[in-house]
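The values are calculated or read from the model by the stated rules, or taken from the named source; none is laboratory data. Computed from a predicted structure; not experimentally measured. Here the Cβ is made from the backbone with ideal geometry for all residues, glycine too, and neighbour counts use every protein chain on show.
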Amino acid sequence: MCGIAGICTLEGSKGISAESILRMAGALNHRGPDETGIFLDDSIGLGHTRLSIIDLSGGSQPIHNEDETLWIIFNGEIFNYLELKEGLIEREHRFYTSSDTEVILHLFEDNGSSCLSMLNGQFALAIWNSVSKELFLARDRMGIRPLHYVVHDHRLIFASEIKSIFMNEEVPRKIDPIAIDQIFTFWTTLPGRTVFQGIQELSPGHFLVARDGAITIRKYWDIPFSQPGEQLDWPVERICGEIQDLLDDAIRIRLRADVPVGCYLSGGLDSSGITSLVKNKFNNRLRTFGIRFEQGEFDESKYQDCMIDALKSEHTDLRATNDTIGATFPDVVWHCEKPLLRTAPVPLFMLSKAVRDNGFKVVLTGEGADEVFGGYNIFRETLVRKFWARQPSSRLRPLLIGKLYPYIFNDPRLKNTLQAFFAKGMEQTEDPVYSHLIRWENTSRAKVFFSDDLAAAIGAYSGYEEMKANLPESFDRWDSLSKAQFLEMQVFMSNYLLSSQGDRVAMAHSLEIRLPYLDYRIIEFMGRVPPVLKIRGLKEKDLLKKVFKGVLPEVILNRPKHPYRAPIQQSLLNPTTHGSADFLSTESLGAAGLFDGKKVEKLLNKIRKTNHATEVEGMALAGVLSTQLVFRQFGTFFTCDLPHDVVPTVFVDRRKAA
Amino acid sequence: MEIDNAIREFLAENFLYGNKDGLPGDDDSFMEKGFIDSTGILEVVSFIEEKYLITIEDDDLIPENFDSINRLVNFITSKRKTNV
């Protein structure tokens, strides 16, 4: 696990300095504190910061092929590298390291871009062909590892994180109004876009080739769903058996490392399932890590304790208090590099530090199960609303909504209005984004705080239209659950969950997360399973629960679903966290020009007076504060100085003048 | 102040943070226009109870009474009559 960065000349002969690559690598030091490597020739500079996990002594990067015509820098892991290596050795490739990185390079040498379909892993990589002068960038199928780029002044500048690109002072650092509109709709930007104008993210499952001054981008994988009629007709037992086998193997290959691997354990079904399988089948001396909250409504300690008892694991927990969440929020925004409408990334940021402090570099996590196996309420909500829409006058059908959200329906006074709320747009069942409209429209209400200038810059732009225009060709023929799963995975999971609650908050403390549920074999298999088996009646993740029957305690199998959330206004408007007040002052808001200072002031006064924030007000508070932080952190506060005394452990200089 | 103006002022302050231009029309549905979120209606209820000193029963909490400015005005007017 590492950070990668580089500059590739597209036109002209302006040289690339070692110092500029070193600066870019220095900004990624947190991703790879163990080693730094540099490669330079007359057309390209590559930088790599390494977190050593496989082949600790020999895997220094950049790595080259036999005749040193191909050079690779790599962030991530290829879990099936041992199997792939066997075939390469048979084809007489010679290896000088025992790393997974070298395997990719030889595989690319033989197969070009089609090597990507053979990789089972989480990665962002750059390969330079010094003969054809071709640069190849690629990102894993789901987008677990980040990769950003910009074309500026006839150069392609790329890096794991945007702050590394910005170490080139000439690259403009301007907030993109359309990105703000997207974040205040979808909680994140849509694939490809970042919050900064001109800075792109290579989308998950895509690769980029730069050659002869031209850039081409291609998709090599998409989230697969079979349409009705083409789905599996296997008996449930056989489907569960297949899931079991795939999950076992996904875990087995994700335990490959030359350092110890721990597990995150929240007490939820997903992480409990992973930790139990690790304990039962692979590692009896299990080390687990979990979060506990000061505020009861967010805390899952009861179930976490139950699992610790059952597993007898050596467990470390991190207590997330409102004070520490508020005080840590600015650091989290700096690492996430985008506005956040939630504080949920913060405890994960704090947890990764605790894990590192305990000497672990790698953990398995339960992320992805809700998306792949159908665990989210939004999926069940879609099914219920469609069921209700077939008989809108039914008095019984709307009661099902209350079953999905017992924690907001527990106020009897709200029953009728909440039902009316969920009835909104109920008849629009043919809308391709039907499942998510309520959530997105609710989030969009926070746009009331946009300044007139920001609203004018956004104009008539519609994120919905952009999203609908980019749906897969077969999307219309999918069932409603598959559609909802796709939207959730493509928008929310890839761009928010795997980033702001995944890679960024873990790598901030040099911790690698590995996600067995997002093994592409599991995703592809579950894409063929009929929806009725995924959510039975209102029972979410039914197949996964069947697989874990006998593995997990009954209390975990039958527990109500508890969405992972963290306190917002209690943390951000906390008297002990003075920092936020400065960023939310009328002067500060006016200087940034993105939000209406008077309205924000009224919002803050209202929350302080009532000590309560509605769902939308909480999102607005977090969104406004984090946008202000991004504006400052990457604006006037940003410095292009070399942040650390970085000395390269590998320095390959192939410049003619050198 | 007339009931309808008091309601408009409350809605603008509370849900539009002072922006009167964004107020819905008198017959526009709050829910349909996305003006009030799922729990916002309780803030309206508290406002009415406190300002007009009327008690609102759970059974009163239906969209027919609460889902537009005019519906609120009618509801408050009839409640005050019955309370008197």
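Key figures
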read-out: Top-ranked residue of the range A:157-178 - restricted to ones that are over 17 Å from the mean Cα position of the chain (by Cα) and within 30 Å of A:Arg514 (Cβ to Cβ), ranked as surrounded by the fewest Cβ atoms within 10 Å (Cβ to Cβ); value: A:Lys163
read-out: Residue within the range A:180-189 that is of a type in the set (Asp, Glu) and not in a strand (DSSP E or B) present; value: yes
read-out: Residue that is nearest to the chain's Cα centre (by Cα) [pool: residues in the range B:6-42 that are of a type in the set (Asp, Glu), within 12 Å of chain A (Cβ to nearest Cβ) and surrounded by fewer than 19 Cβ atoms within 10 Å (Cβ to Cβ)]; value: B:Glu13
read-out: Any hit, the range A:403-421, residues being at positive phi and more than 10 Å from every other protein chain (Cβ to nearest Cβ); value: no
read-out: Among residues of the range B:43-84, those that are within 14 Å of chain A (Cβ to nearest Cβ), buried (at least 16 other Cβ atoms within 10 Å of the Cβ) and β-branched (Val, Ile, Thr), counted; value: 5
read-out: A:Thr443, sole failed condition from (1) assigned to a helix (DSSP H, G or I); (2) within 12 Å of chain B (Cβ to nearest Cβ); (3) more than 28 Å from B:Gly18 (Cα to Cα); value: (3)
read-out: The lone exception for A:Gly459 - which of (1) within 14 Å of chain B (Cβ to nearest Cβ); (2) surrounded by fewer than 21 Cβ atoms within 10 Å (Cβ to Cβ); (3) of a type outside the set (A, V, I, L, M) it fails; value: (1)
read-out: Among (1) under 29 Å from A:Met307 (Cα atoms); (2) more than 27 Å from the chain's Cα centre (by Cα), the one test that A:Ile556 misses; value: (2)
read-out: Residues of the range A:481-509 that turn out to be in contact with a Lys or Arg (Cβ under 6 Å, 6 or more places away or on another chain) and surrounded by fewer than 24 Cβ atoms within 10 Å (Cβ to Cβ), as a count; value: 1
read-out: 3 or more residues at pLDDT 80 or above: qualifying helices (runs of 4 or more DSSP H) within the range B:4-84; value: B:40-52, B:63-66, B:69-83
read-out: All positions within the range A:1-27 that are among the β-branched types (Val, Ile, Thr) and under 28 Å from the mean Cα position of the chain (by Cα); value: A:Ile4, A:Ile7, A:Ile21
read-out: Helices (runs of 4 or more DSSP H) within the range A:348-432 that include 3 or more residues within 30 Å of A:Ser272 (Cα to Cα) and touching a residue at least 12 places away in the same chain (Cβ under 8 Å); value: A:369-373, A:377-389, A:399-404
read-out: Filter pass, A:Leu604 being within 14 Å of chain B (Cβ to nearest Cβ) and assigned to a helix (DSSP H, G or I); value: yes
read-out: Subset of the range A:292-344 [in a loop (DSSP other than H, G, I, E, B) and more than 17 Å from A:Gln501 (Cβ to Cβ)]; value: A:Glu294, A:Gln295, A:Asp299, A:Lys312, A:Ser313, A:Thr321
read-out: Among the candidates A:Val278, A:Val259, residue that is over 23 Å from the mean Cα position of the chain (by Cα) and part of a helix (DSSP H, G or I); value: A:Val278
read-out: Matching residues in the range A:445-474 - criterion: being farther than 26 Å from A:Phe486 by Cβ, without any contact (Cβ under 8 Å) to a residue 60 or more places away in the chain and among the hydrophobic types (A, V, I, L, M, F, W, C); value: A:Ala455, A:Ala456, A:Ala460
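Listed here are the residues, each with its yes/no results for (1) surrounded by 13 or more Cβ atoms within 10 Å (Cβ to Cβ); (2) modelled with pLDDT under 95; (3) in a helix (DSSP H, G or I).
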position: A:Ile215; (1), (2), (3): yes, no, no
position: A:Trp221; (1), (2), (3): yes, no, no
position: A:Phe225; (1), (2), (3): yes, no, no
position: A:Gly229; (1), (2), (3): no, yes, no
position: A:Trp234; (1), (2), (3): yes, no, no
position: A:Ile239; (1), (2), (3): yes, no, yes
position: A:Leu246; (1), (2), (3): yes, no, yes
position: A:Asp249; (1), (2), (3): yes, no, yes
position: A:Arg252; (1), (2), (3): yes, no, yes
